Amino acid sequence: MSAISVSVRDGIVDRLRTRLADGAVLSGADIGDRYSVDYTGENPHRPVAVVKPGSTDEVAVVLRTCSEFAQPVVVQGGLTGLAGGATPRKGEIAMSLERLNGIEELDPVSMTITARAGTPLQAVQEAAAEAGLLLPLDFGARGSCHIGGAIATNAGGNQVIRFGMARNLVLGLEAVLADGTVISSMNKMLKNNAGYDLKQLFVGTEGTLGVITRVVLRLVPRLSSRCTALCTAESFEHAVTLLRTVQTGLAGSISAYEVMWASYYDKVLEIVETLRSPFADSHSFYVLVETEGVDQSSDAERFESVLAGALESETITDAVIARSEGERQTFWAIRDGVGEITPALSPYVPLDVSMDIVAMPRFLEAFDRALAAELPNSLNLVFGHLGDNNLHLFVTTDHEAQNDRVVELAYGLVGECGGSISAEHGVGSLKRDFLHHSRTSREIDLMGRLKQALDPRGILNPGRVIPG
Ligand SMILES: Cc1cc2nc3c(=O)[nH]c(=O)nc-3n(C[C@H](O)[C@H](O)[C@H](O)COP(=O)(O)OP(=O)(O)OC[C@H]3O[C@@H](n4cnc5c(N)ncnc54)[C@H](O)[C@@H]3O)c2cc1C
């Protein structure tokens, strides 16, 4: 049996070499470690071969060939994913899209940009900025992740409250199905109700239904003014009231609303020695509010007046407005300090969940109670994009053997609160078996039927997203 599978595998690598450009297929020692695991570092596996198509036609050739051989393929973008989706499983070929790179068109009249899927997100942002426009999709992995990967995972980030997730920016795309069929839907219009919106089959489906090869994205005018403040609140209800206050008073201009629970804020300031809190006292909640607009002086006036009103009504207890880019960066360094504190806190479990704002206190109370009962030494550090319903939790444990229990407890409670086990990082292979906490059996069954219809041989990213 194993001799047959090895000869099939040898056969496919040779066949791919004859059908693709020189150097597009790596095997054996040439593969190296780069293609073995995504950013999680979990369950690394060296792929059987790595193919690097340089065009949509070559992607189609790879998939057609893999389909003929019933050869499983894992699609790889920048490998910054946090759900294990791009990590090869045993016996898989990895298809890396790194050679499918480059901006094809920037259309300043339509305010759109057309890029190949393997273009780094930052390169797309920079091309837009050169034309005086903004791609309002941004997060920490911008330099390494691909635009195709960001769309395949429907990535979020810090500006979702204003511009939505990656899905909201995709006007058109081109994708290749598992059998090599190219579906070109390179639409530039905002309105197009002529039949099914087929691009949605590929946005957020993590490469299970097709490989994204090119995209058309919506751009917005670049914003020229910015106001940032760090505020303190003494209860979750006050943090929510402040959200509604700024959404009303600063209508349409909020670009970030980041809430840090004291557990997280205090730990960042304890560990990162270069950071200082701008407040003399401790508080229960810290809120980073940022707006972007087009007139610094009038925007700042309105911003200050809304925060003054919030202080007067005792919604917040203190507020510091950034008076320089340096001060603004300090506020953001506290919010982004998670990357700096986690090495000191290992082992830990990172969780990315979402739920109705109303359910958040109930969830956190129940989760903290369960942790105290079962893992009394653990710490639960919480921060989140509150306006997007998104909570990030970092739970420390005594040893890694406890991590699975933390995940079970958290996802069980997320399910009970009607929330999602994945707010923005996707399901991949790591959260697949927990999907039932957030999706009904009929929803999961429909996902399976779509998968079967588009990939009947099950060669494309098998074992990701859909349980079973
Ligand atoms: C430091 C850091 C910060 C991050 N911050 C955020 C954040 O704020 N918000 C957020 O939402 N996410 C965040 N992420 C995770 C984010 O989802 C990924 O960074 C990014 O979206 C994945 O892009 P990638 O090209 O690296 O994809 P990969 O990791 O290579 O792949 C991810 C998944 O997409 C599939 N895929 C990749 N390319 C394609 C394609 N062209 N066609 C079809 N399927 C494809 C893969 O098979 C896999 O299932 C962060 C990650 C890091 C490391």
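The values are calculated or read from the model by the stated rules, or taken from the named source; none is laboratory data. Every value quoted in this text rests on a predicted model; they were computed, and no experiment measured them. So basically every Cβ, Gly included, is an ideal-geometry build from the backbone, and we count neighbours across all protein chains shown.
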Every listed condition ((1) in contact with a His (Cβ under 9 Å, 6 or more places away or on another chain); (2) within 13 Å of the ligand (Cβ to nearest atom)) holds for Val73 save (1)
A careful count of residues in the range 254-270 that are without any contact (Cβ under 8 Å) to a residue 60 or more places away in the chain and either in a loop (DSSP other than H, G, I, E, B) or out of contact with any Phe, Trp or Tyr (no Cβ under 9 Å at 6 or more places or on another chain) (or both) gives 2
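Just the residues that are free of Cβ contacts under 8 Å to residues at least 60 places away in the same chain, over 26 Å from Arg432 (Cβ atoms) and not charged (D, E, K, R), please, taken from the range 164-195.
So in the range 164-195, the residues free of Cβ contacts under 8 Å to residues at least 60 places away in the same chain come out as 164, 166-173, 175, 183-185, 187, 189-195.
Imposing the further condition that a residue be over 26 Å from Arg432 (Cβ atoms) reduces the set to 169, 171-172, 184-185, 187, 189-195.
Answer for the range 164-195, where residues must be free of Cβ contacts under 8 Å to residues at least 60 places away in the same chain, over 26 Å from Arg432 (Cβ atoms) and not charged (D, E, K, R): Leu169, Leu171, Gly172, Ser184, Ser185, Asn187, Met189, Leu190, Asn192, Asn193, Ala194, Gly195.
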Scanning the range 107-120 for residues that are of a type in the set (Val, Ile, Thr) and surrounded by fewer than 17 Cβ atoms within 10 Å (Cβ to Cβ) gives Val109
Among residues of the range 403-429 being among the hydrophobic types (A, V, I, L, M, F, W, C) and within 11 Å of the ligand (Cβ to nearest atom), the residue surrounded by the fewest Cβ atoms within 10 Å (Cβ to Cβ) is Ala423
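Where residues in the range 140-165 are more than 6 Å from the ligand (Cβ to nearest atom) and in a loop (DSSP other than H, G, I, E, B), which of them is surrounded by the fewest Cβ atoms within 10 Å (Cβ to Cβ)?
Among residues in the range 140-165 that are more than 6 Å from the ligand (Cβ to nearest atom) and in a loop (DSSP other than H, G, I, E, B), the one surrounded by the fewest Cβ atoms within 10 Å (Cβ to Cβ) is Gly143.
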Exercise. Right, Pro136: touching a strand residue (DSSP E or B) at 6+ places or on another chain (Cβ under 8 Å), away from the ligand (no atom under 12 Å from the Cβ) and either assigned to a loop (DSSP other than H, G, I, E, B) or under 23 Å from Pro44 (Cα atoms) (or both) or not?
Worked result: yes
**Message:** Looking at the structure I just gave you, is Gln200 modelled with pLDDT of 95 or more, within 16 Å of the ligand (Cβ to nearest atom), assigned to a helix (DSSP H, G or I) and polar (S, T, N, Q)?
**Reply:** yes
Some residue of the range 249-262 being modelled with pLDDT of 95 or more, aromatic (Phe, Trp, Tyr) and either away from the ligand (no atom under 16 Å from the Cβ) or under 30 Å from Glu105 (Cα atoms) (or both)
yes
Of the residues in the range 12-46, those that are of a type in the set (S, T, N, Q), surrounded by 16 or more Cβ atoms within 10 Å (Cβ to Cβ) and within 15 Å of the ligand (Cβ to nearest atom) number 2
From the option list Glu130, Glu104, Glu126, single residue qualifying as surrounded by fewer than 23 Cβ atoms within 10 Å (Cβ to Cβ) and within 22 Å of Leu63 (Cβ to Cβ) is Glu104
The condition of being within 13 Å of the ligand (Cβ to nearest atom), outside the structural domain of Gly149 (by TED's automatic domain parsing) and surrounded by 21 or more Cβ atoms within 10 Å (Cβ to Cβ) holds, among Ala49, Ala86, only for Ala86
Gly118: passes all of (1) under 30 Å from Gly11 (Cα atoms); (2) in the same structural domain as Asp14 (by TED's automatic domain parsing); (3) outside any helix (DSSP H, G or I) but (2)
> Is it the case that Leu177 is within 12 Å of the ligand (Cβ to nearest atom) and either over 24 Å from Ala83 (Cβ atoms) or more than 17 Å from the chain's Cα centre (by Cα) (or both)?
Replying inline: yes
Residue set Ala239, Ala233, Ala280; condition more than 30 Å from Pro120 (Cα to Cα), free of Cβ contacts under 8 Å to residues at least 24 places away in the same chain and not acidic (Asp, Glu); output residue Ala280
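Quick grid of which residues meet (1) in a strand (DSSP E or B); (2) among the hydrophobic types (A, V, I, L, M, F, W, C); (3) not assigned by TED's automatic domain parsing to the domain that holds Met111:
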site: Glu174; (1), (2), (3): yes, no, no
site: Met189; (1), (2), (3): no, yes, no
site: Asn192; (1), (2), (3): no, no, no
site: Tyr196; (1), (2), (3): no, no, no
site: Thr208; (1), (2), (3): no, no, no
site: Arg214; (1), (2), (3): yes, no, no
site: Leu217; (1), (2), (3): yes, yes, no
Note on Asn168: of the conditions (1) in a strand (DSSP E or B); (2) within 22 Å of Gly78 (Cβ to Cβ); (3) more than 8 Å from the ligand (Cβ to nearest atom); (4) not β-branched (Val, Ile, Thr), unmet is (1)
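Return yes when Val246 is among the hydrophobic types (A, V, I, L, M, F, W, C) and over 25 Å from Gln329 (Cα atoms) and no when it is not. Step through it out loud before you land on a result.
Numbers: among the hydrophobic types (A, V, I, L, M, F, W, C): yes; over 25 Å from Gln329 (Cα atoms): no.
Here the answer is no, as Val246 does not meet what is asked.
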Q) On the given criteria, is Phe236 buried (at least 21 other Cβ atoms within 10 Å of the Cβ) and either more than 16 Å from the ligand (Cβ to nearest atom) or not assigned by TED's automatic domain parsing to the domain that holds Gly157 (or both)? A) no
